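The values are calculated or read from the model by the stated rules, or taken from the named source; none is laboratory data. What you see is a predicted model, and the numbers here were worked out from it, not measured in a lab. Every residue, glycine as well, gets a Cβ built from its backbone with ideal geometry; the counts of neighbours run over all protein chains shown. Surface accessibility is based on the protein's heavy atoms, side chains included, excluding ligands, DNA and RNA. Shrake-Rupley method; radii C 1.70, N 1.55, O 1.52, S 1.80 Å.
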Amino acid sequence: MTHNEIRKKFLGFFKDKNHTIVSSDVLVPAGDPTVLFTSAGMNQFKEQFLGRTKGFTKAASCQKCLRTDDLKNVGVTSFHHTFFEMLGNFSFGDYFKQEAISWAWEFMTKVLKIPEEKLSVSVYKDDDEAYCIWKDKIKIPETRIRKLGDKDNFWPAEAKQKGPNGPCGPCSEIFYENEVEVWNLVFTQFNRKEGGVLEPLPSKNIDTGMGLERLCAVMQRVKNNFETDLFAPIINSIKHETSVENKKSTYAIADHIRAISFAISDGITPSNEERGYVIRNLIRLSAMHGRTLGIKKPFLYKIVSSISNVMEEAYPELKKRRESISAVVLAEEEKFISTLEEGMNILEAEYKNLEGKSIKKISGEFAFRLFDTHGFPFELTQAACLERGFRIDEKKFQELMQKQREQSRSKSTMQDSIFKAPLVKEKTEFTGYDTLIIKAKVVKILKGARETDSVNESQEASVVLDKSPFYAEKGGQVSDAGVLSAKNLKAKVLSARPEADAIILNILVEKGILKNNDEVTAEVDKDRRLSIARNHTATHLLQSALKKVLGEHVKQQGSLVEPERLRFDFAHFKDLSEAELDRVEQLVNEKIQSKDVVSCKVMDMDEAKKQGALAFFGDKYESKVRVISSGDYSSELCGGTHVNNTGDIGLFKIISESAVASGIRRIEAVTGTKAQEIVKSRKEVFKDICNVLKCNTADAQEKAGSLILAFDKLGKRAKQAALDKAKASLDALIANSKKINDIVFVASKLEGADAGFLRNLVDMIKDKLKNENWVVLLSSLCDNQAGIILAASGSVVKGGFNSGKIVSKIASSSGGSGGGRPDMAQGGVKNITDIDKLQSLGEEIILEEIKK
């Protein structure tokens with residue numbers, strides 16, 4: 001039975017049991033600051049478990065999950081994974097243990113036809129109810145029912161003794177052949193309070209989870225998850241890249257590249273922070289495993305297509321985004337290879353430094369700095385040092401790593417409990433889509449987290465109204481601002497934020513006293529709202545234009561919509577050309593000029609997806625969604641505020657385009673009067689340039705072109721004069737060279753010469769020494785930036801001399817970079833004032849190399 005068939009059978013079974021089938025959530029749980037990644041099927045049903053969201057009372061899903069708790073075991077065992085799919089059925093106060101157990105058994109034995117005698121179960125030691133259901137209703141022999149304790153059969157594990165407070169309960173597991181845990185049934189029936197007190201919940205829930213990978217291994221009769229049809233094609237692709245056999249590394253790569261591909265597809269990009277750091281680390285770990293297999297070039301990006309093929313039926317979006325995923329992975333692989341080369345050069349310099357002092361131990365501080373600053377893996381530092389006969393102070397390294405982890409945890413935005421209680425329980429009816437001014441009642445006042453009855457003049461506080469026209473900040477759009485007023489009262493609304501079902505207003509009382517239960521007039525700043533609306537609708541038009549100009553792989557990665565500007569982050573693997581930016585800007589302005597109606601429709605999520613409405617991975621959507629459409633070219637799921645007509649935007653102007661991470665670009669733009677101000681300012685600058693050039697606007701381009709041409713000619717003459725001067729002193733330069741081991745070594749430091757000049761000089765020296773074995777090192781300082789060029793004759797290169805590696809070593813010693821071919825390479829160091837030191841170090845390194 002294939003993985004696709006198992007997935008369908010599971011969801012079909014529970015659909016027949018009147019469950020709502022819910023699509024997999026993305027790997028970033030929207031609006032949930034308690035977890036980095038979606039780690040279980042229940043994550044997306046948090047609101048249902050808490051009773052905050054009404055609608056369906058039972059559901060089933062196949063959820064994409066990502067965990068890194070057992071990272072060290074991936075590839076070592078047959079069943080540990082970072083990315084996996086969790087099959088699950090859930091009840092929110094509907095059915096309980098009897099149905100959950102009966103249906104699980106029915107699915108396993110009747111649908112999948114697993115022989116009953118091959119299955120056994122476990123229950124919590126004090127859960128007599130579950131034990132009796134298995135024994136008396138299902139008729140499992142007592143010999144195949146195990147009673148286990150808090151660590152194994154209570155969720156969360158050991159919650160009774162250690163916490164956290166909140167919903168918890170016993171669980172029951174189903175095992176295949178007494179070894180493989182296949183399905184975990186969690187019976188959430190208690191609320192843990194301080195002191196380990198368990199109170200029965202008024203509404204009991206069911207949360208079950210079954211790993212698709214393990215179930216596939218059972219159904220396909222293999223002993224290892226990596227031998228199933230979920231992994232076999234991926235592993236074959238990896239084996240195609242190498243002839244070295246190493247199951248651990250091959251399995252680890254197959255696992256990690258699945259996690260990497262799905263994470264990038266869901267909008268997570270490699271970076272040095274939180275989620276992005278995890279993905280970057282997985283790419284680098286995979287690259288290290290690749291080196292174990294003898295693969296030193298980028299290869300992971302090639303495996304992405306195999307994953308998209310395997311998963312196409314269940315996750316067609318992966319195939320649509322395959323090229324952009326591959327591009328991001330390739331860029332990360334290339335960056336890591338560069339990191340490894342730089343790290344080895346830094347290590348080499350440290351070896352020489354310590355050898356000169358007769359020390360054979362690398363400090364923990366140095367190893368940590370190499371890892372933390374340069375991204376050089378500690379495992380590779382260990383291996384390299386062992387090869388050179390050096391030891392490492394691993395204890396100190398681990399101490400520094402632990403300190404860094406603690407600092408990261410203190411700075412993290414992750415919260416402790418997945419079921420953390422909201423600050424307020426009141427509900428606010430949002431009326432801001434239809435009106436900007438209403439009468440409302442104050443239902444709660446807070447100062448910090450403390451409730452109060454009133455706010456005096458000149459004081460700030462947080463206020464909840466029963467109705468509010470103020471849009472609360474979310475989805476990348478900043479909040480509204482405005483005023484609360486009544487007789488003898490005026491309070492400025494500074495911002496608004498969502499909290500559970502309420503909108504919390506941050507206010508400053510300017511006149512009078514605001515009291516709980518007061519009737520007030522709530523009024524939105526309409527000019528600010530209109531500016532925000534212009535920028536939000538323009539953001540939608542921008543995404544549409546980017547897809548048209550760059551391709552369908554463009555995917556929103558983040559946005560910021562403010563009154564003054566908009567910012568849009570999107571997936572794309574290279575910078576945009578001037579022509580592409582001009583075309584994007586032109587397309588947006590064409591849609592503005594066409595004055596198309598901007599419509600809003602509320603519909604079912606599934607219907608919106610069928611109609612092709614775009615969704616952003618960072619937002620949480622309900623079953624009913626708002627779809628904002630402009631003409632026939634833009635349709636997005638969006639809860640924000642928008643103009644009624646594209647013509648209301650006025651004008652759109654891009655002010656910058658840049659990179660924010662590997663494979664992620666950012667465009668910043670302005671609209672309306674802000675855009676007009678920029679156009680006016682640029683016209684004035686152009687007018688000033690024309691005055692300087694002493695020409696009219698029509699002749700400016702020609703006049704500027706002729707001046708640039710004249711300047712180029714002067715530059716070429718100056719350069720030629722410098723070359724002629726250098727040529728005249730060439731004999732003296734060669735005469736001052738050194739000859740070691742029959743190799744002529746020419747070295748010189750110049751002032752103000754660019755890379756082109758240095759290359760020309762090398763060519764002249766090469767002609768003079770064409771019958772010799774030679775090495776040339778030239779350096780130059782220009783505007784506090786040092787340039788280095790190193791070249792060697794073919795005969796010297798054949799002897800093992802590599803200009804690229806040596807230049808990299810020289811440049812990295814002073815914080816620069818470099819590289820190239822064995823016969824010629826160049827490097828650079830920014831913000832350097834002492835080029836003599838750099839030149840001397842370069843000569844020293846090269847002389848040592850020649851003497852070998």
Past 27 Å, Cα to Cα, is the threshold; run Lys749/Lys851; Lys396/Lys851; Lys160/Lys403; Lys160/Lys447; Lys439/Lys609 against it and keep the listed order. Lys396/Lys851; Lys160/Lys403; Lys160/Lys447; Lys439/Lys609
Run the simple label-point estimate for Glu473 and Arg717 please: 7 Å along Cα→C-beta, distance reported in nm. 6.0
Tell me, what is the Rg over Rh of region 457-521, with Rh the Kirkwood radius over Cα pairs? 0.96
Taking a ≥ b ≥ c as the square roots of the eigenvalues of the Cα gyration tensor, with a/c under 1.5 meaning rounded and otherwise prolate when a/b exceeds b/c and oblate if not, region 228-322 is oblate
The convex hull of the Cα atoms of region 558-694, divided by residue count, gives a volume in Å³ per residue of 136
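Per the Kirkwood formula on distinct C-alpha pairs, the Rh of region 623-680 is how many angstrom?
Working: mean 1/r = 0.0719 Å⁻¹.
Radius from the Kirkwood sum: 13.9 Å.
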Sequence-separation-based contact order of the chain, relative, with Cα cut under 8 Å and 6+ spacing, percent: 7
Descending Cα extents along the principal axes, region 503-634, whole Å: 57, 36, 30
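For Ser729 and Gln593, what does the FRET efficiency come to when R0 = 51 Å and r is the distance between their Cβ atoms, rounded to the nearest 0.05?
After rounding, the FRET efficiency stands at 0.20.
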Points 7 angstrom from Cα along the Cβ direction at Lys738 and Lys403: gap in nanometres? 4.1
Between beta-carbons, use under 9 Å as the cut-off and find the net charge around Gly512, counting Lys and Arg +1, Asp and Glu -1. +1
Which whole-number percent is the relative contact order of region 14-133 (Cα, under 8 Å, 6+ apart)? 21
Between the alpha carbon centres of region 530-555 and region 766-782 the gap in Å comes to 54
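Averaged per residue, what accessible area in Å² does the chain show with a 1.4 Å probe, protein chains only?
In whole numbers, the chain has 48 Å² accessible per residue.
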Over region 526-572: Rg over Rh, Cα atoms, Kirkwood Rh: 1.05
Hey, for a label at Gln701 modelled as a point 7 Å past Cα toward Cβ, could you say which residues of region 572-588 have their backbone N under 15 Å away? 579
Packing-ranked peptide list from 777-784, 789-796, highest mean Cβ count within 10 angstrom first, is 789-796, 777-784
Could you work out how much longer the chain between Asp434 and Gln586 gets when fully extended? Use 0.36 nm per residue separation minus the Cα distance between them, nm to one decimal. 51.5 nm
Which whole-angstrom value gives the distance between the alpha carbon centres of region 47-125 and region 375-404? 41
Proximal lysine pairs in region 235-322, meaning Cα under 17 Å and 8 or more positions apart or interchain, come to 7
According to a simple spin-label model (label point 7 Å from Cα along Cα-to-Cβ), what is the distance in nm between Ser102 and Asn645? 6.2
Evaluate 2.2 N^0.38 Å with N set to the residue count of the chain, then give the Cα radius of gyration divided by it. 1.16
Of Lys610/Lys653; Lys713/Lys738; Lys335/Lys395; Lys64/Lys624; Lys515/Lys624, those spanning more than 31 Å from alpha-carbon to alpha-carbon: Lys610/Lys653; Lys713/Lys738; Lys515/Lys624
Could you tell me what percent of the accessible area of region 629-749 is made up of carbon and sulfur, with a 1.4 Å probe and every protein chain present? 53
222 nm [θ] for the chain, helices only, -39500 (n - 2.57) per DSSP H run of 4+, per residue, to 500? -12500 deg cm²/dmol
For region 253-312, what does the relative contact order come out to in percent, with C-alpha contacts under 8 Å and a separation of six or more? 35
R0 = 22 Å: FRET efficiency of Gln676 with Glu578, Cβ-based, nearest 0.05? 0.50
To the nearest 0.05, what FRET efficiency results for Lys837 and Met764 with a Förster distance of 22 Å applied to their C-beta separation? 0.25
Could you order peptides 478-485, 464-471, 377-384 by the average number of other Cβ atoms within 10 Å of their residues, highest first? 464-471, 478-485, 377-384
Region 692-790: which trypsin sites (Lys or Arg not before Pro) are DSSP loop and have at most 15 other beta-carbon atoms within 10 angstrom? Lys694, Lys770
Label point 7 Å beyond Cα of Glu622 along Cβ direction - residues of region 55-77 with amide nitrogen under 14 Å: 55-56
Among the Cα-Cα pairs of region 67-208, the proportion with separation greater than 23 Å, in percent, is 39
